[in-house]
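Here is the structure we will look at, set down as C-alpha cells.
The values are calculated or read from the model by the stated rules, or taken from the named source; none is laboratory data. Keep in mind that what you see is a predicted model, and the values were worked out from it rather than measured. Positions of Cβ are generated from backbone atoms using ideal geometry, with glycine treated the same way; all protein chains shown enter the neighbour counts. These area figures cover heavy atoms from the full protein model, side chains too; ligands, DNA and RNA do not enter into them. Shrake-Rupley method; radii C 1.70, N 1.55, O 1.52, S 1.80 Å.
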Amino acid sequence: MTKKLISSLLTLSLLWAVTSCTAQKQTHQNTVKVLTTTGDRLHDLSTYTTTLQKNNKNNNTPDITLMPNEKYQTIYGFGAAITGATCYNLMQMAPADRKAFLTTTFSETEGFGQNYVRVSIGCSDFSLSEYTLCDTQGIQNFALTNEEKNYLIPILQEILAINPKVQIIGSPWTAPRWMKVNNLTDLQPYNEWTSGQLNPAYYHDYALYFAKWLQAMKDNQINVGAITIQNEPLNRQNSASMYMGWDEQLAFIKNELGKTLRDKGFPNVKIYLFDHNYNYDNIESQKQYPIHIYKDPQASQYVAGTAFHNYGGTTSELSNIHSQYPNKELIFTESSIGKWNDGRNLKRRLTEDMEELGIKTLNNHCKAVIVWNLLLDEHGAPNRDKGCKTCFGAVDIQTSNYKTMQRNSHYYVISHLAAVIKQGATRIGIQNNTNKQILSTAFQNPDNTLALIVVNKNQQPTPLTVKHTNTYFTYQLPPNSVVSFLIPQN
C-alpha cells in the first residue's frame, strides 16, 4: 500500500495555496494555475502553471472551447461525509496532525477548500453504536449522545474554525424505534433498527425531532443548512434503516415537517427528497419518486430539491428529473469505494470516479457533490453489523500510529473540484472537439475566473488546447489523469 504522511499532505496543499496566491498576483501576466493527479501517483495533486496567450489566427481548432455566455446551475460545494467513524479516527490523531489534515482538506487559503459535508442525524452504519437521539419514548426525551458531544460536534467545530464557509447537510438513517411500525396496514410496533416504517401517529413528534436536532446543533455554534428526510428510504437492509415510500414522504412534509421547521425558526433549512439511487432500486411504484411529491403544491412549497446516490442506475436520471422540474435543485449526496470496485486501485478508480462523480453529475445539473466517509482506518472501520464491511474511506489511516495515510480516489476527485470551482460558481457551456477519451466540465467563479476540470482516459500523454474568446492555452495532459485549471479572464 502506498503511504502518505500528514506532513506531505500539508506541504502539497500549501504549495497549491501559494501557487494560487501567486496566480492571483500574476493575473495580468496571464498565468493559468494547474492541479494534476495521475493514476500512478507520479503527479499527486501537483501544482503547475501554463500561460494564457492571445489567439493566433493560424492556430488549429482547439480541443476545448469555453463559452461563459451559456449558463447553467450554480454550485454549493464539494465534500465528504463526516460520520461517527470518521470523527472517531480523527480524534485518535495527535491534535497537531489532525489540524494539519483538516487544514489541508478544508482551508481555502492553505488547502484544497472542500466545503460541503454530510452528517447523520443519530447513527449511521458508520457509527460507534446503533442509536437515535430519542431512544426513550416521548419526544421530551430528545438529547444529544456521547457520539455527538465527544466526536461529531468537536470535529465540526474544528472544521468550521478552519473554513467558516463549510456547509452541512444532515440525514437520519432511522426514526426512533418507538415511532416505527411493521407496516402501514397492521401498524404493529417495530422495535428494530433495521427496516420498519414511520407510524403516521408520530409524524408531529418526528418533525419535532428534526427541529430539536437543528436547534441542538445551533446551540453548539453549528448551523445546518439542509436536511434529507431519510437516508436510502427504499433500503430495508441497512444498519440502521427505515422504509419510506414517496407517498409517506409527501404526507410527512405536507402535514408536519414543513410547518414545524418554519414555526420552530428554521424556515430557510433546505429540505431535499429521496437521498437514494438513480434507479429507485427498481421498485416500479417508486419510479420518479420526487416527481410525485413535486406534483403536490402543498408539499412542494417546502422542498428545495432532490438528493441522489449512485449505487444503481445512471446519471441520466438527473437530467430526466431536471427536465420536468427545472426550478428544483439536484444534489449528489453519497458514493462509496470498497473491495467490490477495487477502491484502493488509483490507476483504475481515479478517472472512473471523476467521470462519474465530477463530470457526469455536474453536467447533469447537480449543485453539490458529496462522497461517503472522509476517513476510515485500514480495515474500513469503525462500522456496524448489517452495514458496509467492505467500504474504504476517501482517506485511509493506519491504526498503528494514527498518522500514516493513503488518499484514495474520492479524496482526489473532491479536492480537484473544490480547489478551482468555488461556492457560487456557475456552470458554463463547453465545446469539446477532442476525442471521447477526454471529458470536461467548466464553471465561472464569482471572482470571474474560469474553472475547467479535464479527465484524460488515454494511456498516453495527450496535448490539449483550450480556447476562451480571444485567448488560449496549451497543456500536455499526462496519461490516465485528472487535471484542474484555474483561468484568469482579461
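The listed residues are Phe308, Phe266, and the only one of them that is surrounded by fewer than 23 Cβ atoms within 10 Å (Cβ to Cβ) and of a type in the set (Phe, Trp, Tyr) turns out to be Phe266.
Mind listing whichever residues of segment 72-109 are polar (S, T, N, Q) and in contact with a Lys or Arg (Cβ under 8 Å, 6 or more places away or on another chain)? Within segment 72-109, Gln73, Thr74 qualify. Criterion first (without any contact (Cβ under 8 Å) to a residue 24 or more places away in the chain, closer than 23 Å to Gly225 by Cα and within 22 Å of the chain's Cα centre (by Cα)) does Asn327 satisfy it? Judged against the criteria, Asn327 is a match.
Listed by first and then second residue, the pairs with beta-carbon distance under 8 Å, at least 6 apart or on different chains, first residue in segment 379-394 and among the acidic types (Asp, Glu), second open to solvent by less than 30 Å² (accessible area, probe 1.4 Å) and part of a loop (DSSP other than H, G, I, E, B), are Asp385/Ser239. Filter segment 347-388 for residues that are under 24 Å from Gly305 (Cβ atoms) and of a type in the set (Lys, Arg); which is nearest to the chain's Cα centre (by Cα)? Here the answer is Lys367.
When segment 472-489 is limited to residues that are in contact (Cβ under 8 Å) with a residue 40 or more places away in the chain and open to solvent by less than 10 Å² (accessible area, probe 1.4 Å), the one that is nearest to Asp63 (Cα to Cα) turns out to be Phe473.
Scanning segment 89-112 for residues being touching a strand residue (DSSP E or B) at 6+ places or on another chain (Cβ under 9 Å) and crowded, with 20+ Cβ neighbours inside 10 Å gives a total of 7. Inside segment 435-469, residues that are out of contact with any helix residue (DSSP H, G or I) (no Cβ under 7 Å at 6 or more places or on another chain), assigned to a loop (DSSP other than H, G, I, E, B) and either over 19 Å from Leu52 (Cβ atoms) or hydrophobic (A, V, I, L, M, F, W, C) (or both) make up a count of 8.
Summed over segment 270-303, residues that are open to solvent by less than 20 Å² (accessible area, probe 1.4 Å) and not charged (D, E, K, R) total 17.
In segment 362-420, what residues are part of a loop (DSSP other than H, G, I, E, B), open to solvent by 10 Å² or more (accessible area, probe 1.4 Å) and either of a type in the set (D, E, K, R) or touching a helix residue (DSSP H, G or I) at 6+ places or on another chain (Cβ under 6 Å) (or both)? Steps first, answer last, please.
Initially, segment 362-420 is screened for residues part of a loop (DSSP other than H, G, I, E, B), giving 364-365, 374, 378-390, 393-394, 398-404, 408.
Next, from what is left, pick out any that are open to solvent by 10 Å² or more (accessible area, probe 1.4 Å): 364-365, 378-379, 381-390, 398-404.
Residues satisfying the conditions are Asn364, His365, Glu378, Pro382, Arg384, Asp385, Lys386, Lys389, Thr390, Tyr402, Lys403.
Taking the criterion of being closer than 24 Å to Gln398 by Cα and touching a helix residue (DSSP H, G or I) at 6+ places or on another chain (Cβ under 9 Å), the residues of segment 341-352 that qualify are Asn341, Asp342, Gly343, Arg344, Asn345, Leu346, Arg348, Arg349, Leu350. Just give me the residues in segment 15-29 being surrounded by fewer than 17 Cβ atoms within 10 Å (Cβ to Cβ) and modelled with pLDDT of 50 or more, in sequence order. Scanning segment 15-29 gives Leu15, Gln29.
So which residues in segment 338-351 are surrounded by fewer than 24 Cβ atoms within 10 Å (Cβ to Cβ) and touching a residue at least 24 places away in the same chain (Cβ under 8 Å), if there are any at all? Reasoning before the result, please.
Pass one, segment 338-351, residues surrounded by fewer than 24 Cβ atoms within 10 Å (Cβ to Cβ): 338-349.
Listed by number, the residues that qualify are Gly338, Lys339, Trp340, Gly343, Arg344, Leu346, Lys347, Arg348, Arg349.
Okay, residues lined up against (1) hydroxyl-bearing (Ser, Thr, Tyr); (2) under 30 Å from Tyr72 (Cα atoms):
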position	(1), (2)
Glu378	no, no
Asn383	no, no
Cys388	no, no
Phe392	no, no
Thr399	yes, no
Tyr402	yes, no
Tyr411	yes, yes
Lys422	no, yes
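Taken over segment 167-185, the residue count meeting the criterion of being of a type in the set (A, V, I, L, M) and open to solvent by 10 Å² or more (accessible area, probe 1.4 Å) is 1. Quick check: is even one residue across segment 95-110 on the phi < 0 side of the Ramachandran plot, touching a residue at least 12 places away in the same chain (Cβ under 8 Å), of a type in the set (A, V, I, L, M, F, W, C) and not in a helix (DSSP H, G or I)? No; the residues of segment 95-110 include none that is on the phi < 0 side of the Ramachandran plot, touching a residue at least 12 places away in the same chain (Cβ under 8 Å), of a type in the set (A, V, I, L, M, F, W, C) and not in a helix (DSSP H, G or I).
Let me confirm something: among Gly313, Gly358, which residue is open to solvent by less than 30 Å² (accessible area, probe 1.4 Å) and either part of a loop (DSSP other than H, G, I, E, B) or within 20 Å of Ala80 (Cβ to Cβ) (or both)? So that I can check it myself, show each step before the final result.
Numbers: Gly313 fails: open to solvent by less than 30 Å² (accessible area, probe 1.4 Å).
Checking each option against the conditions leaves just Gly358.
Residues that are at pLDDT below 95 and open to solvent by 10 Å² or more (accessible area, probe 1.4 Å) occur in segment 225-247; there is at least one.
Let's see how each residue does on (1) aliphatic (A, V, I, L, M); (2) modelled with pLDDT under 95:
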residue: Asp385; (1), (2): no, yes
residue: Lys389; (1), (2): no, yes
residue: Thr404; (1), (2): no, no
residue: Ser415; (1), (2): no, no
residue: Ile430; (1), (2): yes, no
residue: Ala442; (1), (2): yes, no
residue: Lys457; (1), (2): no, no
residue: Val466; (1), (2): yes, no
residue: Asn480; (1), (2): no, no
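Give segment 316-341 a look and list any residue that's assigned to a helix (DSSP H, G or I) and among the basic types (Lys, Arg), or say none. Within segment 316-341, Lys339 is the sole residue that qualifies.
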